[in-house]
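Here the structure comes first, spelled out in structure tokens, and everything after it is commentary.
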Amino acid sequence: MTDIIDKAAMALSGGLIVLGVVVMGLIETLAGKPFGAAPITNDAGEIVATPMIDPTIRTGLVLAGIAVLGLYAVYKLATPVPEETAAGREVTAD
């Protein structure tokens, strides 16, 4: 059984992780080279090309999604299990 907090935590954390990995990765791919996370330099050390989206933004979104999952885990550990769910449902014998 999932309640509103379960659904919200799953949607928020999943959304942040998918946004940081898939969506921004697709944007980087469509934007063209460079595909790497670090700026590309020439032999003189000058920065020739940089990624379209800063890697720290992408990393921050993924870490925020993981943090939401961590907070959700702490919430689930702190809330007590209802009696019906913990012991099961009583069934009368014949």
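Every number in this text was worked out from the coordinates using simple rules, so none of it is lab data. Everything numeric here is computed off the predicted structure, so don't read it as measured data. Note that each Cβ is placed from the backbone with ideal geometry, even for glycine, and that neighbours are counted across all protein chains shown.
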**Report entry** Between 0 and 90°, nearest 10: helix 55-78 axis offset from the chain longest Cα axis
**Finding:** 10
Report summary line: Answer in debye to the nearest 20: the dipole magnitude of the range 1-85 about its Cα centre, from +1 Lys/Arg and -1 Asp/Glu charges placed on Cβ, is 120
Query raised in the report: Hey, what did the chain get for relative contact order, percent, Cα under 8 Å, at least 6 apart?
Result: 33
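Once the Cβ-Cβ distance between D6 and L26 is put in as r, and R0 is 22 Å, what FRET efficiency do you end up with, to the nearest 0.05?
Working: r = 29 Å, r/R0 = 1.30.
The pair D6/L26 has a calculated efficiency of 0.15.
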